[in-house]
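The values are calculated or read from the model by the stated rules, or taken from the named source; none is laboratory data. Everything numeric in this text was worked out from a predicted model, so none of it was measured. Quick reminder, even Gly has a Cβ in these numbers, built from the backbone with ideal geometry, and neighbours come from all protein chains shown.
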C-alpha cells in the first residue's frame, strides 16, 4: 500500500528561500558504486513537490535526467502559483539540450539561465570541466541558496558540495543516502539532526517535509 502525504501549505515567508538541488542518475559506464534510478527519481520528485508547494524556490543545473523532473512538478502547480524553478546550463551544451528540458523552457516553466562555455571544450566527459566550473560558480553566486540537497550522482556531486560549502559557508546541507550514488558517501560523512533519516529512510515525502521544517527552524521562519 502506498503512503500519501498532504503537501505543506503555501507560505509567503518561504518565497525568500532558495534550495540548491544537486542530483543526477549515475551513468553505469562511469560509476561502479550502488545506486537505484527509481529511488533517485522518487526522491527528486518528492523534494520538488514539498518545497515548491510550500513556496520555496529551487535552483539546479540542467542535468538531462533531473531538470525535466523538477520542471514537470513545477508545471503541475496551479496557474496562480509561481513556478519557482531556476535552471542553469552552460552554452557548451546548447546543441544537446534534452528535448524535454527545451519544451519546458519554451513554454516558460521556470527561468532558464545560460552561462558561458570555456574556450576549446566539448560536451563530453573529460572536456567540460572548466565550463561546468563557470556554470556552477555563477549559479551559486547569483542565486545565493539558503541550503542544498544532494541526491544520487557521481563525481559532480562532490564537486558541487565542495563549491557550495565554499561559497555558502554555514548553510545547511542535506545529502540523501538511500538511493545511492555519490550522495550516499556525503550522507555517511555529514553530521546533522536528521542524519539517520537522510541516510536510511526511503519515505521521501516525509524526509523532505522534515528537512523543510528543519530549514525553517534554522532560518527562523
Just one listed residue, out of 191, 142, is over 15 Å from residue 43 (Cβ atoms), at pLDDT 95 or above and loosely packed, with under 15 Cβ neighbours inside 10 Å, and it is 142
message = Just checking, does region 148-157 include any residue being more than 18 Å from residue 46 (Cβ to Cβ), more than 17 Å from the chain's Cα centre (by Cα) and surrounded by fewer than 22 Cβ atoms within 10 Å (Cβ to Cβ)?
response = no
Here the residues within region 173-197 that are in contact (Cβ under 8 Å) with a residue 60 or more places away in the chain and under 17 Å from residue 214 (Cβ atoms) are 176
Subset of region 177-211, residues within 22 Å of residue 49 (Cβ to Cβ), out of contact with any helix residue (DSSP H, G or I) (no Cβ under 6 Å at 6 or more places or on another chain) and assigned to a helix (DSSP H, G or I), comes to 200, 206, 210, 211
In region 52-87, residues that are touching a helix residue (DSSP H, G or I) at 6+ places or on another chain (Cβ under 7 Å), in contact (Cβ under 8 Å) with a residue 40 or more places away in the chain, part of a helix (DSSP H, G or I) and surrounded by fewer than 23 Cβ atoms within 10 Å (Cβ to Cβ) total 1
If we keep only residues of region 18-51 that are farther than 30 Å from residue 94 by Cβ and assigned to a loop (DSSP other than H, G, I, E, B), then the residue farthest from the chain's Cα centre (by Cα) is 32
Determine whether region 5-13 contains at least one residue that is modelled with pLDDT of 85 or more, in a helix (DSSP H, G or I) and in contact with a strand residue (DSSP E or B) (Cβ under 6 Å, 6 or more places away or on another chain). no
Among helices (runs of 4 or more DSSP H) entirely within region 93-172, at least 3 residues that are touching a residue at least 40 places away in the same chain (Cβ under 8 Å) occur in 129-143, 155-167
